[in-house]
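S.K.: One structure, pasted below without further comment.
The values are calculated or read from the model by the stated rules, or taken from the named source; none is laboratory data. Note that the structure is a prediction, hence the values are computed from the model and not measured. Because the Cβ atoms are built from the backbone with ideal geometry, glycine has one as well, and the counts that use them run over all protein chains shown.
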Amino acid sequence: MAFLLVLLGFSALGGLAWLLLPAFRRYVAGGVCTSPARLDGKIVLITGANTGIGKETAWDLARRGARVILACRDVNKAESVAAEIIANTGNTDVVVRKLDLASTASIRDLAAGVNKEESALHVLINNAGVMACPYWKTEDGFEMQIGVNHFGHFLLTYLLLDILKRSSPARIVNVSSVVHKWGHINFDDLQSEKSYNGKSAYCQSKLANVLFTRELARRIHGCGVTANSLHPGVVRTELTRHNSASRILMYFLSFIFKTNKQGAQTSIHCAVAEELNTVSGLYFSDCVPAAMGSSANDKQAASHLWDISCRQLDIQWD
Ligand SMILES: NC(=O)c1ccc[n+]([C@@H]2O[C@H](COP(=O)([O-])OP(=O)(O)OC[C@H]3O[C@@H](n4cnc5c(N)ncnc54)[C@H](OP(=O)(O)O)[C@@H]3O)[C@@H](O)[C@H]2O)c1
């Protein structure tokens, strides 16, 4: 009798889980970009588009008719992604350009090429990122995560701002993360030279993305270019490549993470949604504006980070 009751209990639980699974999957999937906007005649550049969220974003924007520039470090991998996108969308205007965000020389080369070859640039998606890597330095001596995730995209945006302005209405989309809420900008040791913790350095770099976006939006207000940042969700990508514990967790709990396509929705929404034409300085999650962490509201920190970034990159950006 007891055995029968246990069996019944397990069957009932199993049945309930089976019934709730579709709702759970929908919950995990998060927001969807519902905009039918076409991008024919528009030019889009996406960093880190050879895999993960960037690849899915590129795929979607190509499907909408844009000329898509995949700005990637691994050019061979990017060429095969471009071929895949072309074969599946029928849009032949998908090109690859070399960009290593850990090298200011590479960023300057890429930007010079875009400024010379492209007639316009309507959307810049600063998507590439590195997470919790060992203590590495970029070619220019920046700690790798703040160097690639923040300084690299800061310089790239600076170098492409004029073409974006000339192409207005234009948009800058910065892919940050919800972990910016746990971030702290360590102005005394921005490059983590005194002590290094991979996860804290990642959170710092993602907070820098949000602070940069807010300060940028304020400074370029009224010039026809908007800037927004976003959290894509927790997505099954290669981002955990430097952290075996996170990789194992992601493998076994994959059903609670977004797919790459689901993870790209908020980037796509920020890039195309008509209702965001003049919306700037916001932070999005699941395709809707979301609350930023309290440190992201620190205007003084945003302005200080801006000045330091200009100094370290040796640029004048008022
Ligand atoms: N996955 C998530 O759960 C999650 C959550 C919050 C935020 N994000 C953010 O989403 C963005 C995309 O990440 P993902 O999840 O799609 O990760 P991913 O699959 O690891 O893709 C990261 C991309 O960035 C590129 N990249 C790394 N270092 C670079 C460098 N020095 N120069 C140029 N490109 C470089 C990688 O190129 P290679 O192939 O050459 O390495 C790759 O294309 C990142 O900014 C990340 O912080 C992700």
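S.K.: Return a yes/no flag: does the stretch 200-221 have any residue that is out of contact with any Ser or Thr (no Cβ under 9 Å at 6 or more places or on another chain), within 14 Å of the ligand (Cβ to nearest atom) and among the aliphatic types (A, V, I, L, M).
M.R.: No, the stretch 200-221 has no match at all.
S.K.: Are there any pairs, at least 6 apart or on different chains, whose C-beta atoms fall under 8 Å, with the first in the stretch 120-133 and more than 15 Å from Pro232 (Cα to Cα) and more than 6 Å from the ligand (Cβ to nearest atom) and the second assigned to a loop (DSSP other than H, G, I, E, B) and of a type in the set (Ser, Thr, Tyr), and if so, which?
M.R.: Listed by first residue and then by second, the contacts come to Ala120/Ser167; Leu121/Ser167; His122/Ser167.
S.K.: Just to be sure before I move on: is Val210 closer than 18 Å to Asp318 by Cβ, modelled with pLDDT of 95 or more, of a type in the set (Val, Ile, Thr) and out of contact with any Pro (no Cβ under 7 Å at 6 or more places or on another chain) in the structure I sent?
M.R.: Details: closer than 18 Å to Asp318 by Cβ: no; modelled with pLDDT of 95 or more: yes; of a type in the set (Val, Ile, Thr): yes; out of contact with any Pro (no Cβ under 7 Å at 6 or more places or on another chain): yes.
Against the criterion (closer than 18 Å to Asp318 by Cβ, modelled with pLDDT of 95 or more, of a type in the set (Val, Ile, Thr) and out of contact with any Pro (no Cβ under 7 Å at 6 or more places or on another chain)), Val210 does not qualify.
S.K.: Only residues in the stretch 162-185 that are closer than 22 Å to Gln316 by Cβ and within 16 Å of the ligand (Cβ to nearest atom) count as the first member; pair them with residues that are assigned to a helix (DSSP H, G or I) and of a type outside the set (Val, Ile, Thr), Cβ under 6 angstrom, at least 6 apart or cross-chain, and list the lot.
M.R.: Asn174/Asn209
S.K.: Tell me, yes or no, whether the stretch 253-263 has at least one residue that is of a type in the set (D, E, K, R) and touching a helix residue (DSSP H, G or I) at 6+ places or on another chain (Cβ under 7 Å). Working first, answer last.
M.R.: Going through the stretch 253-263, the residues of a type in the set (D, E, K, R) turn out to be 258, 261.
Next, from what is left, pick out any that are touching a helix residue (DSSP H, G or I) at 6+ places or on another chain (Cβ under 7 Å): 258, 261.
Yes, there is a match, as at least one residue in the stretch 253-263 is of a type in the set (D, E, K, R) and touching a helix residue (DSSP H, G or I) at 6+ places or on another chain (Cβ under 7 Å).
S.K.: Working carefully through the options Ala71, Ala83, find the one that is assigned to a helix (DSSP H, G or I) and modelled with pLDDT of 95 or more. First the steps, then the outcome.
M.R.: On the way: Ala71 fails: assigned to a helix (DSSP H, G or I).
Result of the check over Ala71, Ala83: Ala83.
S.K.: I'd like the full set of residues that are of a type in the set (Gly, Ala, Ser) and either touching a residue at least 12 places away in the same chain (Cβ under 8 Å) or assigned to a strand (DSSP E or B) (or both), limited to the stretch 222-231. Before the answer, list the steps.
M.R.: Step one: filter the stretch 222-231 for residues of a type in the set (Gly, Ala, Ser), giving 222, 224, 227, 229.
Correct list: Gly224, Ala227, Ser229.
S.K.: Which strands (runs of 3 or more DSSP E) does the stretch 86-178 wholly contain that include 2 or more residues that are out of contact with any Pro (no Cβ under 9 Å at 6 or more places or on another chain) and over 26 Å from Phe284 (Cβ atoms)?
M.R.: 94-98
S.K.: Considering only the stretch 232-318, give the helices (runs of 4 or more DSSP H) lying wholly within it that have at least 1 residues that are within 18 Å of Leu207 (Cα to Cα).
M.R.: Numbers: elements: 244-252, 260-263, 265-272, 299-313.
Result: 265-272, 299-313.
S.K.: What is the residue count in the stretch 82-101 for residues that are in contact with a Lys or Arg (Cβ under 8 Å, 6 or more places away or on another chain) and within 13 Å of the ligand (Cβ to nearest atom)?
M.R.: Counting residues in the stretch 82-101 that are in contact with a Lys or Arg (Cβ under 8 Å, 6 or more places away or on another chain) and within 13 Å of the ligand (Cβ to nearest atom) gives 4.
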